[in-house]
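The structure appears right after this line, and notes come after that.
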Amino acid sequence: MAEPEYVFHRVEDQRELERLRAIERVFDPASRRRLLAAGVQSGWRCLEVGPGAGSVLSWMSDVVGPAGRVEAVDLSTKFLPGAWPSNVAVRQGDIRTVPLDDASFDLVHARYVLIHLPDFHVALSRMLASLKPGGWLILEEPDFSASRGVTGEVTQLGAVQRVNQAIKAMYDALGMDHALGLTLPSLLQHRGVTGLVVENDAPLSPGGSGMATIMKMSARQLREKYLATGVVTEEDLDLYCRFADDPHAWAIYYATVAVSGRKP
Ligand SMILES: C[S@@+](CC[C@H](N)C(=O)[O-])C[C@H]1O[C@@H](n2cnc3c(N)ncnc32)[C@H](O)[C@@H]1O
């Protein structure tokens, strides 16, 4: 298999940690709600795929308690705390290849991980295989095709449109689907996952909001990659960042499609 290609690996670590923490602040409440709706509780055995900076992993560890266990697999564990309670096992590895016991988890969760994998089907197969029959799979992935500037200065709105085109071009060039979230319900349906619950969350957000700040951080860190698409200029990226700071400029930065269901 080719070297894992993860778009954020070659940027400065401190900025990446801040970006991961910003993602956690904005998206953890909905993720926790979805995990609780699946019934996660004391004694469960859970797998957190791509924990990033680890807030969901830490929360799961509290919920499953000493009678439960949480395993985590991430390509890079450098953003995770070094010490964990005894019910947590962290492994550095690729979800597509790391050894996992079949039919061993009550719940598998991944947020914003599969979008980074051109062969996400392999990861999906591994995740499903690792679930017990009746176990829960909860996936939350972006849909960048929902992105659009809504109100703001005309020049800024033009730049926002071009940055959104650059994001698509970047994912296309890497063989990744910038709208992966949209396909998840159908993918899981075809794999026989039952009782699907689907949410499509496309918040309309002002500049300065958590959502705008996450996308501004991404634009700063991925500046060279966005420029390399040839779709945006340096000026576009500066305008985009100013737009993302302006409380009177509104946009749908992206949608998150969340799908929960049970392995047959
Ligand atoms: C955008 S971050 C999301 C982090 C966390 N899930 C969250 O939402 O806060 C993506 C994470 O997935 C990890 N990742 C990417 N490809 C992976 C792979 N093939 N196997 C395991 N982890 C992977 C990255 O290292 C990173 O920690």
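Each reported figure results from applying straightforward, stated rules to the coordinates on display, with no laboratory input. As the structure is a prediction and not an experimental result, all values here were calculated from the model. Cβ sites come from the backbone with ideal geometry, for glycine too, and all protein chains shown count toward neighbours.
How high is the relative contact order of segment 1-149, in percent, with contacts defined as C-alpha pairs under 8 Å that are six or more residues apart? Intermediate results must be reported in sequence, preceding the final value.
Values: 225 pairs, mean separation 31.5, N = 149.
That works out to 21 percent.
What does the helix-only formula give at 222 nm for the chain: each DSSP H stretch with n ≥ 4 adding -39500 (n - 2.57), the total divided by the residues, and the result rounded to the nearest 500 deg cm²/dmol? Before the final figure, lay out the partial values.
Details: 8 runs with 105 residues, N = 264.
About -12500 deg cm²/dmol.
Which of S76, S86, S205 has the fewest other C-beta atoms within 10 Å, and how do the rest follow up to the most? Show your work: numbers first, answer last.
Working: S76 15, S86 8, S205 21.
The most exposed by this proxy come first: S86, S76, S205.
Mind checking the alpha-carbon convex hull of the chain and giving the volume per residue in Å³?
Numbers: hull volume 30.2 nm³, N = 264.
Enclosed volume per residue, from the Cα hull, is 114 Å³.
What does the highest-first list of 238-248, 134-144 look like by mean Cβ count within 10 Å?
Details: 238-248: 18.6, 134-144: 22.6.
Ranking the peptides 238-248, 134-144 by packing returns 134-144, 238-248.
Compute the long axis of helix 180-190 from its Cα atoms, compare it with the longest principal axis of the Cα atoms of the chain, and write down the angle in degrees, 0 to 90, nearest 10.
Here the helix axis deviates by roughly 30 degrees.
With +1 on each Lys and Arg Cβ and -1 on each Asp and Glu Cβ, and nothing else charged, work out how big the dipole of the chain is about its Cα centre, in Debye to the nearest 20.
Values: 27 positive and 32 negative charges, 131 e Å.
Magnitude of the dipole: close to 620 debye.
Over what distance in Å are the Cα centres of segment 145-213 and segment 61-132 separated?
Here the answer is 24 Å between Cα centres.
Does segment 1-128 come out rounded, prolate or oblate by the C-alpha gyration tensor, with a ≥ b ≥ c the root eigenvalues, rounded set by a/c under 1.5 and, if not, prolate when a/b is larger than b/c and oblate if not? All intermediate terms of the calculation are to be shown ahead of the outcome.
Values: a/c = 1.60, a/b = 1.21, b/c = 1.32.
It comes out oblate by the Cα gyration axes.
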